[in-house]
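Trainee: My questions will all concern the structure given below.
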Amino acid sequence: QTCALPILEHAAILAETVVAEGAKVVSGGTDNHLMLIDVTPLGVTGKEAEALLDEIGITVNKNAIPFDPLPPNTASGIRLGTPATTTRGFGPDEMRTIARLITEAIGRRDEPAALDRLRAEAAEIAGRFPVPGLFADETIDGALGTPEASVIWLDAFDGVGLADDDGVGDVLGRA
């Protein structure tokens with residue numbers, strides 16, 4: 001319960017801020033740790049938003065929205081969650097900043113200099129909050145811990161439960 005409350009509070013803040021920044025939360029808000037964002041009002045598909053945000057260091061999943069006119073492999077939405085960011089120590093201010101980074105990256109997707117600035121800002125925020133149990137000399141999927149720690153995980157499993165090649169491993173994918 002001590003951990004669950006901030007996760008829910010952070011999700012509410014993230015949802016409110018994404019809406020304030022011009023995106024649409026499909027349900028109008030969230031009362032759990034996840035939210036589904038319709039990104040088509042921002043001029044992109046879920047697939048495009050997923051790839052774009054990955055480029056700046058924010059990991060999300062594309063997701064179909066109710067009555068989605070696009071096929072599932074393209075989708076109109078992205079799914080965001082807050083367990084991993086909260087576990088890492090991100091607070092309300094970081095949730096507001098992440099929402100701004102998401103909407104600004106989508107809005108300025110054709111501006112390489114803006115995307116470089118947003119990538120640096122995301123890495124700076126993520127760098128202040130180490131991934132629990134990850135040390136600079138450890139790897140996830142063959143990448144050194146330091147670059148991996150510069151990623152903000154907001155995807156469905158929020159970076160938790162990464163598994164090694166045989167599908168078995170602890171939170172960091174180590175057997």
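What follows draws every value from the coordinates through simple rules; no lab data is involved. Please read these numbers as outputs of a predicted model, since none were measured by experiment.
Trainee: Could you tell me the center-to-center distance, by alpha carbons, between region 107-125 and region 21-70 in angstrom?
Mentor: Going from one Cα centre to the other spans 18 Å.
Trainee: At 0.36 nm per residue, minus the direct Cα-Cα distance, what do GLU16 and ASP54 gain on full extension? Give it in nm, one decimal, please.
Mentor: Stretched out fully, the GLU16 to ASP54 stretch lengthens by 11.5 nm.
Trainee: Name the residues whose placed amide hydrogens come within less than 5 Å of the amide hydrogen of SER27, ignoring near sequence neighbours (fewer than 5 apart) on the same chain.
Mentor: Under 5 Å from the amide H of SER27: LEU36.
Trainee: Here is a further query. Using just the alpha carbons, could you tell me how many Å³ per residue the convex hull of region 1-129 encloses?
Mentor: Expressed per residue, the convex hull around the Cα atoms of region 1-129 is 92 Å³.
Trainee: Pop out the ³J(HN,Hα) list for region 106-118 in order, Karplus 6.51 cos²θ - 1.76 cosθ + 1.60 with θ = phi - 60°, rounded to Hz; leave Gly and Pro as x.
Mentor: Each residue's phi maps through the Karplus curve to give 5, x, 10, 4, 9, 10, x, 5, 5, 5, 4, 5, 5 Hz.
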